Amino acid sequence: MDLQNVNITLRILFRPVTSQLPRIFTSIGEDYDERGLPSITTKILKSVVARFDAGELITQRELVSRQVKRAATSGLILDDVSLTYLTFRKEFTEAVEAKQVAQQEAERARFVVEKAEQQKKVAIISAEGHSEAAELIANSLATARDGLIELRKSETAEFLAYQFLRSQNITHLPAGQSMLLQLPQ
């Protein structure tokens with residue numbers, strides 16, 4: 001243990017070994033569960049807890065419980081042992097919380113850095129793509145001369161014609177026909 005005061009509450013489900021009952025009653029008494037059990041479990045708990053530091057007590061509660069259960073002696077069978085409550089001095093608890101907060105902030109900062117690096121990579125790849133596209137267009141213009149421009153004009157005219165056809169506010173008249181609109185005066 002790292003010399004921290006710790007308060008532990010145990011929940012213990014136990015039963016006596018039936019063949020040991022006469023010895024238990026004569027040495028401890030019929031109220032062995034009130035007199036003997038607390039002192040026995042306290043000794044066992046202290047010996048087990050001394051093997052762990054404070055952080056391990058918090059993170060390995062189940063292992064501590066199993067070791068307390070295995071260390072049972074004095075004619076008792078511990079069916080279940082659980083650490084139900086575990087606290088440390090206020091200063092230690094605050095230090096652990098501060099450490100956790102610092103770790104979370106460091107992790108967040110690492111995430112922000114990684115995100116910035118990814119955004120940088122995206123910007124570089126995008127710029128390279130735009131540069132390559134501009135180079136391809138320049139090469140196409142140089143080799144095809146006005147052909148590419150004519151193709152783009154044709155594509156634009158086709159797009160505009162399609163948009164005009166879909167519009168409900170435009171009426172199309174065949175060439176050479178005129179239409180008189182009677183507008184109110």
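Taken together, the values in this text are just the output of simple stated rules run on the coordinates, not laboratory data. Quantities reported herein were computed from a predicted structural model and do not represent experimental measurements. For neighbour counting, all protein chains shown are included, and Cβ atoms are generated from backbone atoms with ideal geometry for every residue, glycine included.
Around Ala127, with a cut-off of 12 angstrom between Cβ atoms, what is the net charge of the other residues, counting Lys and Arg +1 and Asp and Glu -1?
Charge balance near Ala127 sits at 0.
Given R₀ = 35 Å, FRET efficiency for Ala144-Asn169 by Cβ-Cβ distance, to 0.05?
So the FRET efficiency works out to roughly 0.40.
Between Lys153 and Arg61, with labels modelled 7 Å along Cα→Cβ, what's the label distance in nm to one decimal, could you check?
Reported label-point gap for Lys153 and Arg61 is 8.0 nm.
Under 8 Å for C-alpha pairs, at least 6 residues apart: give me the relative contact order for the chain, rounded to a whole percent.
26 percent
Just to check I understand the Karplus step: with θ = phi - 60° and J = 6.51 cos²θ - 1.76 cosθ + 1.60, what whole-Hz values come out for the stretch 143-156, glycine and proline as x?
8, 9, 6, 7, x, 5, 5, 5, 4, 5, 4, 5, 4, 5
In nm, what is the difference between 0.36 nm times the number of residues separating Gln20 and Ala133 and their Cα-Cα distance?
In short, 31.7 nm is gained.
To the nearest 10 degrees, how steeply does helix 61-70 sit against the main Cα axis of the chain, on a 0 to 90 scale?
30 degrees
Please tell me the relative contact order of the stretch 6-88 in percent, rounded to the nearest whole number, where contacts are Cα pairs under 8 Å and at least six residues apart.
Across the stretch 6-88, relative contact order equals 59 percent.
What angle, in degrees between 0 and 90 and rounded to the nearest 10, separates the Cα long axis of helix 32-49 from the longest principal axis of the Cα atoms of the chain?
Approximately 50 degrees, to the nearest 10.
Please work out which option in (1) 1.00; (2) 2.62; (3) 1.60 gives Cα Rg over 2.2 N^0.38 Å calculated from these coordinates, and answer with its label.
(2)
Suppose the Debye formula is applied to equal point scatterers at every Cα of the stretch 6-88; what is log10 I(q)/I(0) at q = 0.19, 0.25 Å⁻¹?
-0.80, -1.21
Starting from the Cα of Lys69, draw a straight line to each of the aspartates and glutamates and keep only those under 13 Å, dropping any in the same chain fewer than 8 residues away.
Hits, sequence-local ones excluded: Asp79, Asp80.
Quick check for me: using +1 on Lys/Arg Cβ and -1 on Asp/Glu Cβ, what's the dipole size of the stretch 6-88 about its Cα centre, in debye to the nearest 20?
Dipole of the stretch 6-88, to the nearest 20 debye: 220 debye.
Whole-Hz ³J(HN,Hα) for each residue in the stretch 106-116, computed from phi via Karplus 6.51 cos²θ - 1.76 cosθ + 1.60 with θ = phi - 60°, x for glycine and proline: what do you get?
3J(HN,Hα) across the stretch 106-116, in whole Hz: 5, 5, 5, 4, 4, 5, 4, 5, 4, 5, 5.
Just list whichever of Lys43/Lys90; Lys115/Lys153; Lys46/Lys90 have alpha carbons separated by over 32 Å in the model shown. Numbers along the way, then the final one.
Working: Lys43/Lys90 25 Å; Lys115/Lys153 42 Å; Lys46/Lys90 21 Å.
Check vs 32 Å cut-off fails for Lys115/Lys153.
Got a sec? Charge dipole of the chain, +1 on Cβ for Lys and Arg, -1 for Asp and Glu; which of Ile40, Ile149, Gln100 is way out at the positive end?
Projecting each Cα onto the dipole axis, the largest value belongs to Ile40.
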